[in-house]
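In what follows, a structure is listed as structure tokens, so that the remarks can point back to it.
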Amino acid sequence: MKFRLLPFLSTLIISLFILACSDSKKEYATMLIYGGPIYTVDSSASKVEAVAIRNNKILFAGNLEEARTYENDKTQNLDLKGKTMTPGLIEGHGHFMGLGYNELNLDLMNTTSYQAIIDAVAERVKNLEPGEWIVGRGWHQSKWDSMPAETVHGFQTHHLLSEVSPENPVYLKHASGHAGFANAKAMEIAGLQKIALDGVKNYEVEGGEVLVDASGKPTGVFNERAQTLITKHIPEKTSESDIKAFELAVEACHRNGITSFHDAGIPKETIALYEKMKSEGKMRTRIYAMLTGWDKELLNNWYQKGIMVDDDHLFTIRSVKLNCDGALGSRGAWLLEPYSDRPDHFGHETLPMKFVKETALNGLKNGFQVCAHAIGDRANREILDRYEMAFNEYPDMANNHRFRIEHAQHLHPEDIPRFAELNVIPAMQAVHMSSDRPWAIDRLGEKRIKEGAYMWQDLLQSGVPIVNGTDVPVEPVNPIASFYASVSRKTLKGIPEGGYEPEQKMTRAQALKSYTLDAAYGAFEDDIKGSITPGKLADFTIFDQDLMTVDEKRILDTSVVMTIFNGNIVYSQQ
Ligand SMILES: [Zn+2]
């Protein structure tokens, strides 16, 4: 009897214990968010009242009353006060360190006075140690409202600049790239005091000129080759500047509501940097990285090692980037028919197509996704062909390949349905259409533009998802500009009326999906992010107005006011 009771009792005790635990384990929310439209991008409920999260995961999405049942006295309440929330946005194709270095260098593109440049430098000086360089670009005196009092040969002089930055050398490149502007500290480092002492007027450097004032002292402006007198002293990228650029890129992402980033082609040095950043807790955006296809040794090492899917969802490598043609502007995009504005020219294949097939086979065998850059219709076709051959060769390994074509800008009409047939994902940066469409028609002519350029709606209708993005630093990382381009097919100045090839516009729901769930799909991450669904990561973007309903004309005025990453508020507009 005694012996039979024991198992019964122990079962009872275990059962009671489990019951007790499950009750005390009622999952309470660490944060409750409500008070504004919340778009889930989840097919079952596209708009909800409230979201409850627990630490870095979504616990509940639905009505506020039910959400309240997850509340306890420790729950943080976040009232949106009418603001709009979406899943955290995913930059589907950009260059993270390019973004960081862009941030590191002063951007003077939008300055409209010499004083504005001085102010920007003065601001930057505050955060630097003496001796650290300030490098900027983009100023243009013709954009200034007025010229400063002191000019030489139509250019400003360095004195005001030198005053605000006495200890930090400064070099600011002209928007044209053909001149630069230095302060006294930079000229001192370059040993140009000597020129001043010599009092040489119009000091000539082979292929360039150092502008000097009436007394023979350099004014700070260096033309053409003379720029090297200064630029050779600017330190190359260092591990310190890499770290700084990385941190600035993270901040830029947060400011723009970007919580995940597909980094399109990184070398081994950058992998090492990201690993270091992650280990130091600085990886505060999720990076999905493609290995650069230019380094075959790197690829072979990774094929042997296998994919690296991060359990913390911060830094994942399972993809290879290939660059298969050039850009349209420089007529490098590889076309089936010659350029309309250069009839003897078809553009360039920048990588042997044999290598695309080889990489596709290696990708399938070793579990790596392949992401091939293709702008022109020929490049797109050749890549689809190579992908198809590889799928046919290894059909068993090709059932969830998620291979991508980056840009997929200009397609032959016969190739458009092949994306869906082959399950190849087009990763298309909508803002490129806004920037390029006005002149792209010169390169391609009307027929090719109408039948095959930026074919978003045709591709979506055929059943493939589109991964959106900006290709930063080619374009600013601003997702709102790309969203506007997606739904309006206008330039960012709002032309033409009705948009270019309006039948190819995305709907707002499609555009939001291309920046969230579809982008997540393009990285095998649709199970953990891209929609506001219980169990997924708590990454959200909050906007000051409802970009799903606001008048089209006002979309570009939308600001990101808050970014929540991994359950934490990482950015909040002042
Ligand atoms: Zn790119």
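The values are calculated or read from the model by the stated rules, or taken from the named source; none is laboratory data. All figures in this text were calculated on a predicted structure; none of them were measured in a lab. All Cβ positions, glycine included, derive from the backbone under ideal geometry; neighbour counts span all protein chains shown. For accessibility, only protein heavy atoms count, side chains too; no ligands or nucleic acids. Shrake-Rupley method; radii C 1.70, N 1.55, O 1.52, S 1.80 Å.
Where in segment 143-230 are there helices (runs of 4 or more DSSP H), lying wholly inside it, with at least 2 residues that are modelled with pLDDT under 85? Write out each step before concluding.
Numbers: elements: 159-164, 184-189, 193-198.
Ranges flagged: 193-198.
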Original post:
Is it the case that some residue within segment 419-432 is free of Cβ contacts under 8 Å to residues at least 40 places away in the same chain and more than 16 Å from the ligand (Cβ to nearest atom)?
Top reply: yes
Original post:
Which pairs have Cβ atoms under 6 Å, sit 6 or more apart or on different chains, and link a residue in segment 129-154 that is within 13 Å of F181 (Cβ to Cβ) to one that is in a loop (DSSP other than H, G, I, E, B) and of a type in the set (D, E)?
Top reply: V152/D213
Original post:
Do we find that R437 is away from the ligand (no atom under 16 Å from the Cβ), among the basic types (K, R) and open to solvent by less than 20 Å² (accessible area, probe 1.4 Å) in this structure?
Top reply: yes
Original post:
Got at least one residue in segment 397-413 being within 23 Å of R331 (Cβ to Cβ) and open to solvent by 50 Å² or more (accessible area, probe 1.4 Å)?
Top reply: yes
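Can you confirm whether Q504 is free of Cβ contacts under 8 Å to residues at least 24 places away in the same chain and farther than 20 Å from E91 by Cα?
Values: free of Cβ contacts under 8 Å to residues at least 24 places away in the same chain: no; farther than 20 Å from E91 by Cα: yes.
Criteria not met by Q504.
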Subject >> Hits in segment 466-486 (condition: away from the ligand (no atom under 14 Å from the Cβ) and either farther than 25 Å from G88 by Cα or surrounded by 23 or more Cβ atoms within 10 Å (Cβ to Cβ) (or both)) >> reply: I466, P479, F483, Y484, A485, S486
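Charged (D, E, K, R) and touching a residue at least 60 places away in the same chain (Cβ under 8 Å) - does that describe any residue in segment 300-308?
Step one: list which residues in segment 300-308 are charged (D, E, K, R), which gives 305.
After this cut, where a residue has to be touching a residue at least 60 places away in the same chain (Cβ under 8 Å) as well, the list is none.
No, that holds for no residue.
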Original post:
Which condition number in (1) open to solvent by less than 40 Å² (accessible area, probe 1.4 Å); (2) under 21 Å from the mean Cα position of the chain (by Cα) is the one that R418 fails?
Top reply: (2)
Original post:
Inside segment 79-112, can you point out the residues that are open to solvent by less than 30 Å² (accessible area, probe 1.4 Å), more than 16 Å from the ligand (Cβ to nearest atom) and farther than 22 Å from A538 by Cα?
Top reply: L106, L108, T111
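I'd like to check which helices (runs of 4 or more DSSP H) are fully inside segment 258-372 and have at least 3 residues that are in contact with a Gly (Cβ under 9 Å, 6 or more places away or on another chain) and at pLDDT 95 or above. Lay out the reasoning, then the answer.
Values: elements: 268-279, 296-305, 353-366.
Fully inside segment 258-372 and qualifying: 353-366.
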**OP:** Would you mind finding the one in P438, P473 that is touching a residue at least 40 places away in the same chain (Cβ under 8 Å), out of contact with any helix residue (DSSP H, G or I) (no Cβ under 9 Å at 6 or more places or on another chain) and not charged (D, E, K, R)?
**Re:** P438
**OP:** Note down all Cβ pairs under 8 Å where the first residue falls in segment 256-272 and is within 14 Å of L299 (Cα to Cα), the second is part of a loop (DSSP other than H, G, I, E, B) and within 14 Å of the ligand (Cβ to nearest atom), and they're at least six residues apart or on different chains.
**Re:** G265/H95; G265/G293; G265/W294; P267/W294
